[in-house]
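One structure below.
The values are calculated or read from the model by the stated rules, or taken from the named source; none is laboratory data. Worth saying up front: this structure is predicted, and the values here are computed from it rather than measured. Please note: Cβ atoms are built from the backbone with ideal geometry, for glycine as well, and neighbour counts cover all protein chains shown. Surface areas here come from the heavy atoms of the whole protein model, side chains and all, with no ligands, DNA or RNA. Shrake-Rupley method; radii C 1.70, N 1.55, O 1.52, S 1.80 Å.
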Amino acid sequence: MIENDTSYLLESVDLSFNEIHDLKWSVFNNQLKLRIVNLSNNFLSDIAFDISQLTKLEMLDLSNNNITSISNMQAKEAITDITMKSKFKVDLSNNILQCICKEKDFLSWMIKHATVFHNIHRYKCKLDSGKVLNRNFVQNAEQIIKGCRDYTILVICISLVLCLAIVTVVAGVLYRYRWKLRYMYYMTKSKYYRYRPLDTEGMYTYDAFISYSDKEKDFIIKECLPNLEVKRNLKLCIHQRDFIPGEDITVNITSAIHDSKKTICIMTRSFLDSYYCNFEFNMARMENIYHRNGQNILFLVFYEQIPAQDLSLVMLELVQKQSYIEYPNDEQGNVVFWDKIREAIE
């Protein structure tokens with residue numbers, strides 16, 4: 001019985017000059033007395049065999065092979081463990097190691113364990129440019145690692161700047177077209193797709209949608225409705241009376257504008273301060289652009305005197321186009337005023 005006898009175990013293996021490209025992972029298993037493994041002058045590209053059991057190993061000669069890095073994590077861990085237990089050396093001379101950012105972890109590991117590698121300062125180091133450096137491996141590797149750190153920071157900074165630029169551009173586009181996007185969303189939500197020509201009689205449910213702040217509801221009820229609906233036979237849409245209960249208010253607004261020939265905005269300071277009044281104004285603008293062939297459906301009624309600087313550029317543009325009227329608030333002027341409103345609607 002020789003099962004426990006280790007006298008037959010190898011202490012040295014020389015497999016040099018055998019044109020070896022690869023070795024089986026378990027080729028050295030159970031060779032607990034191995035001190036020297038010579039695999040020089042072959043075509044190995046990595047340590048793809050198990051050396052973790054070779055605790056007495058003193059030299060692993062891998063010189064003159066095709067090794068560019070040690071990618072096998074188990075091999076690197078085994079080398080580290082063996083080094084702690086014996087005076088272990090690895091010879092990687094005359095292998096052209098890759099000194100590139102992609103291999104910076106491997107290079108850092110080599111520098112950390114520099115004493116393990118036989119004649120490490122003479123190792124060949126190939127740069128990204130293809131240039132091969134034949135001396136000062138540790139110094140060259142350290143410079144590459146430092147450069148990679150700087151490059152990484154540069155890449156991160158550039159990436160952040162690009163991301164910020166993209167976010168800024170996207171935010172700018174979304175802001176610029178915010179009302180168009182909202183209009184399209186609410187139109188889709190309310191399922192209105194059909195085209196309605198402006199001049200075709202009977203195609204609209206209402207003659208006009210009246211956009212106003214709740215603070216002006218008395219003016220609407222006591223003045224607008226009697227003078228326009230009763231006396232002048234126009235059909236108006238006002239949110240307090242005609243919006244569908246339970247429906248989303250934004251859908252109600254978009255539908256009311258879409259189903260009306262005109263949108264009449266009762267301009268007051270309360271109107272300018274109201275979110276929904278501004279929403280109605282801008283939805284009417286989008287309706288004008290995208291469903292009415294650019295024909296203006298917006299008409300402003302200045303119920304209060306409002307300085308020009310308080311109006312938006314779009315509102316000022318309507319004023320310049322004479323698409324507005326001021327409320328006279330006197331008996332004789334009121335008759336002309338309501339007639340002008342009817343003309344604007346028709």
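Brief remarks follow.
- The charge dipole of region 1-106, taken about the Cα centre with unit charges on the Cβ atoms of Lys, Arg (+1) and Asp, Glu (-1), comes to about 300 debye, rounded to the nearest 20.
- Share of pairwise Cα-Cα distances greater than 18 Å in region 244-333 is 47 percent (whole percent).
- Distance between the pseudo-spin-label points of E142 and K33 (7 Å out from Cα toward the beta carbon): 4.3 nm.
- Spacing of the modelled spin labels on F17 and F43, each 7 Å from Cα toward Cβ, amounts to 1.8 nm.
- Hypothetical label at I306: residues of region 227-248 whose amide nitrogen lies under 15 Å (7 Å Cα-Cβ projection): none
- Lys/Arg +1, Asp/Glu -1 at C-beta; the chain dipole; positive extreme among L228, I289, F117: F117
- With the alpha-carbon atoms of the chain aligned to their principal axes, the span from lowest to highest coordinate is 125, 47, 34 Å, starting with the largest.
- Once the C-beta distance of S26 and S129 is scaled by a Förster radius of 51 Å, the resulting FRET efficiency is 0.80 to the nearest 0.05.
- The longest part of the chain holding none of the exposed loop trypsin sites (Lys or Arg not before Pro), meaning those outside H, G, I, E and B in DSSP with at most 13 other Cβ atoms within 10 Å, is 232-320.
- Counting only Cβ charges, +1 for Lys and Arg and -1 for Asp and Glu, the dipole size of region 73-152 around its Cα centre is about 220 debye.
- Compared with the direct C-alpha span, the chain from Q53 to D248 gains 62.8 nm at full extension, assuming 0.36 nm per residue.
- Acute angle (nearest 10 degrees) that the helix 331-345 long axis makes with the longest principal axis of the chain, alpha-carbon atoms: 50 degrees
- Rounded, prolate or oblate (a/c below 1.5 giving rounded, otherwise prolate when a/b exceeds b/c) for region 232-273 by Cα gyration tensor: oblate
- Computed with a 1.4 Å probe over protein heavy atoms only, the accessible surface of region 198-268 comes to 44 Å² per residue.
- FRET efficiency for S323 and V173, using Cβ-Cβ distance with R0 set to 22 Å, rounded to 0.05: 0.20
- When cysteine pairs in the chain are screened for C-beta atoms closer than 4.7 angstrom, the residues that find no partner are C157, C163, C224, C237, C265, C277.
- Only the Cβ atoms of Lys and Arg (+1) and of Asp and Glu (-1) were treated as charged; on that basis the dipole of the chain about its Cα centre amounts to roughly 760 debye.
- Here the contact order of region 26-74, divided by its residue count and restricted to Cα pairs under 8 Å and six or more residues apart, works out to 46 percent.
- Apportionment of accessible area to carbon and sulfur, the chain, percent (1.4 Å): 53 percent
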